[in-house]
Amino acid sequence: MSVGNPSFDVFQLSDEHVEMRKILRDLCDKEIAPYAADVDEKARYTDEALKALNSSGFSAIHIPEEYGGQGGDSVAACIVIEEVARVCASSSLIPICNKLGTMGMLLKGSEELKQKVLPSIGSGEATASYALSEREAGSDAAAMRTRAKADGDDWVLNGSKCWISNGGKSTWYTVMAVTDPDKGANGISAFVVHADDPGFTVGAKERKMGIKGSPTTDLYFEDCRIPGDRIIGEPGTGFKTALATLDHTRPTIGAQAVGIAQGALEASIAYTKERKQFGKSISDFQNTQFMLADMAMKIEAARLMVYTAAARAERGEPNLGFISSAAKCYASDVAMEVTTNAVQLFGGYGYTVDFPVERYMRDAKITQIYEGTNQIQRVVMSRALLR
Ligand code: COS
């Protein structure tokens, strides 16, 4: 055993990951952070972030090189999301949705389909979304009613989807629909729909508590006709593809949560050093110190779990359900706690829009809900334990 061996790389990111984070931090601080409050206040799309992420190649780094992408690994994709979320959670929905909307294709799509769709996303020309949930099929996703019927060489879709992140902004949508109603979850198939396909329309934007810079909409399919080769994998495999997708992407929500929490922690450290009460900085009080220590400790644990989940997904390990749900669930609970405590440390100022922590707190909440509520994550985890 050697003491102080700098090349011991267990639990250490590679030099490339560290370098990439540095580049991203600079980019996010300069080109995304200045617009975060305005995006939130006006509930407007994150145009500046899209431009910055596209021009630097960070909007969809997970797209493999053979499809014109950067070929970034799963940990790298988490670092991108984390760094963007550290300054603007809404903007982090760009890389999140691009991965979520393409993962099914990457896992199970035909070579032709991948060649048709992925290069436009890898180059930043197009973006993607994922459409699983319906009004009456949220946690119970297999209860969906949207139908797809074969018609000649085509598929014809009818029904609607809801809670679609970046709905209306995305070019491509991975849509799950029932092809055989007698087979339950095994009668669901996955398709890729283009925004210009006939019979496809986007509903009004939801008015939300947070992530206001990312539109959330319904999608409607009225005799929406798509070519036969836009199915992902075989008919009847779509629900499994949808769940396998989430195994790969729930860690990205964990990464978003870690980024939000990190942003709130940094704002809290800076503020508590500045803010004077009883004749000294409030960071001189042990109550503040212990709160900051707890916040940082939990963020550190969450980050490690997120990277572990991402690394295991990257290695193609089987049975990712437990770790990807655990990472998403733990990190999002940490983000909610940390951002709530950040508002507390700012006191009355924290409750105003003049400081960023109330936005971090509102943005954190969605990470406990989307890509499966944290109650559903516990269902996935306990099923894995008791199997
Ligand atoms: N990967 C691949 N296949 C999986 C899988 C996974 N991670 N998990 C389960 N499956 C398979 C099952 O083996 C089963 O196949 P068989 O019938 O051939 O055995 C099939 O998929 C259906 O699985 P299951 O019976 O467990 O489905 P349930 O209806 O009980 O649903 C939960 C399981 C609740 C876990 C699922 O509906 C879920 O994750 N819901 C939340 C959805 C969600 O995250 N929504 C957010 C949308 S994205 S913003």
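Rounded to the nearest 20 debye, the dipole size of the chain about its Cα centre is 1020 debye, using +1 on the Cβ of Lys and Arg and -1 on the Cβ of Asp and Glu. Between ILE369 and LYS273, the contour length at 0.36 nm per residue exceeds the alpha carbon distance by 31.2 nm. Charge tally around SER325: other residues with Cβ under 15 Å, Lys/Arg +1 each, Asp/Glu -1 each, net +2. Fewest neighbouring Cβ atoms within 10 Å first, the residues PHE322, PHE346, PHE11 line up as PHE11, PHE322, PHE346.
For ALA150, the shell of other residues with beta-carbons less than 14 Å away shows a net charge of -3, using +1 for Lys and Arg and -1 for Asp and Glu. In this rough spin-label picture, where each label sits 7 Å from Cα along the Cβ direction, the VAL18-ASP151 distance is 5.8 nm. The residue among ALA313, VAL334, HIS62 whose Cα reaches farthest toward the positive pole of the charge dipole of the chain, with charges on the beta-carbon of Lys, Arg, Asp and Glu, is VAL334. For the chain, relative contact order (Cα pairs under 8 Å, six or more residues apart, normalised by length) works out to 16 percent.
Between LEU304 and GLN344, the FRET efficiency from the beta-carbon distance, with R0 = 30 Å, is close to 0.75. Remark: segment 239-386 carries a charge dipole of roughly 200 debye about the Cα centre, counting +1 on each Lys and Arg Cβ and -1 on each Asp and Glu Cβ. Rounded to the nearest 10 degrees, what's the angle between the helix 321-346 long axis and the longest principal axis of the chain, both from Cα atoms, 0 to 90? Roughly 40 degrees between the two axes.
Are any of the pairs LYS22/LYS99; LYS99/LYS328; LYS149/LYS183; LYS183/LYS240; LYS161/LYS212 more than 18 Å apart by Cα-Cα distance, and if so, which? Going by Cα-Cα distance, LYS22/LYS99; LYS161/LYS212 fall outside the 18 Å limit.
ASP284 sits among other residues whose Cβ lies under 13 Å from its own Cβ, and their net charge, with Lys and Arg +1 and Asp and Glu -1, is +3.
Partner aspartates and glutamates whose Cα lies under 15 Å from the Cα of LYS273, excluding those fewer than 8 positions away in the same chain, are identified as ASP284. Label sites at ARG44 and LYS183, each approximated as a point 7 angstrom past Cα along Cα to Cβ, lie 4.8 nm apart. For the chain, the calculated P(r) over all alpha carbon pairs, in 10 Å bins from 0 to the bin holding the longest distance, is 5, 24, 33, 24, 10, 4, 1, 0 percent. FRET efficiency for the pair PHE290 and ASP354, taken as 1/(1 + (r/R0)^6) with r the Cβ-Cβ distance and R0 = 30 Å, rounds to 0.70.
The numbers here are math on the coordinates, done by the rules we state, and not lab data. Everything quoted here is computed from the prediction, not taken from an experiment. Quick reminder, even Gly has a Cβ in these numbers, built from the backbone with ideal geometry, and neighbours come from all protein chains shown.
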